[in-house]
1. Please verify whether the stretch 141-151 includes one or more residues that are β-branched (Val, Ile, Thr), out of contact with any helix residue (DSSP H, G or I) (no Cβ under 7 Å at 6 or more places or on another chain), surrounded by 14 or more Cβ atoms within 10 Å (Cβ to Cβ) and at pLDDT 95 or above.
2. Is at least one residue of the stretch 22-35 among the small types (Gly, Ala, Ser), in a loop (DSSP other than H, G, I, E, B) and either on the phi > 0 side of the Ramachandran plot or modelled with pLDDT of 95 or more (or both)?
3. Select from the stretch 38-74 the residues that are of a type in the set (D, E, K, R) and buried (at least 16 other Cβ atoms within 10 Å of the Cβ) and write down the one among them that is nearest to the chain's Cα centre (by Cα).
4. Hey, residue 106 hits all of (1) under 21 Å from residue 51 (Cβ atoms); (2) in a strand (DSSP E or B) but one; which does it fall short on?
5. Please state which one of 149, 138, 177 is touching a Pro at 6+ places or on another chain (Cβ under 9 Å) and β-branched (Val, Ile, Thr).
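The values are calculated or read from the model by the stated rules, or taken from the named source; none is laboratory data. Keep in mind it's a predicted model, so treat the numbers as computed, not measured. Note that each Cβ is placed from the backbone with ideal geometry, even for glycine, and that neighbours are counted across all protein chains shown.
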Amino acid sequence: MCNLYSHTSNAQAIIDLVRATRNLAGNLPPQPGIFPDYSAPIVRTGEDGTRELAMARWGMPSPQFVLKGRTTDSGVTNIRNVASPHWRRWLGQAHRCLVPFTSFSEYDTIDGKKVPVWFALSEERPLAFFAGLRTTWTSVRKKAEGEVTADLYGFLTCEPSEPVASIHPKAMPVVLTEPAEFEAWMLAPWDQAKALQRPLPDGALEIVGRGERKDEPLARPV
């Protein structure tokens with residue numbers, strides 16, 4: 001499961017690429033290490049139909065069977081089985097989102113220790129997007145925080161392609177790289193949009209780092 005990714009682009013680059021017209025996220029600082037329940041940018045459809053850049057917490061509401069005996073819900077970061085009734089409620093256009101990233105990690109075992117291996121489209125770490133789902137939900141995510149109503153998101157996973165498969169053979173995030181894919185994910189009926197839950201071709205990603213819990217390239221990409 002991808003539970004660590006990086007976004008070091010900027011708000012204008014996201015807005016330009018996905019044709020958003022409202023920025024609710026402000027000036028985005030680089031986030032070289034985004035972990036579960038962190039607040040990070042997403043592109044969503046607002047209540048008035050406007051495409052907007054906003055902030056949300058990483059981790060969708062957990063299914064009831066996961067919460068049995070628990071008093072907090074830190075959320076589900078990765079979503080695979082979209083046929084589940086739990087996820088079907090959020091498959092419509094209003095709940096789909098694009099999650100900007102510049103690299104993501106999966107854990108490998110090196111010298112007996114779990115260490116991140118970072119993947120990106122190239123060493124330059126160009127901006128791309130995960131195919132995400134979002135909602136607004138009231139729950140207790142942390143005991144010390146108490147009950148909160150928060151904007152939440154997670155992203156879809158699929159069978160991995162190389163080089164991810166050699167590190168993590170179970171799954172990889174669903175990555176969208178082309179404007180036509182962005183538009184289809186945000187606007188197409190589900191029977192069409194669901195075709196995007198597929199791996200990138202082998203070799204489309206590169207390993208760009210190992211061992212660090214943050215991915216901080218020397219030059220900030222746009």
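1. No: zero hits.
2. yes
3. The selected residue is 57.
4. With (1) under 21 Å from residue 51 (Cβ atoms); (2) in a strand (DSSP E or B) applied to residue 106, the lone miss is (1).
5. 177 is the lone residue from the list that is touching a Pro at 6+ places or on another chain (Cβ under 9 Å) and β-branched (Val, Ile, Thr).
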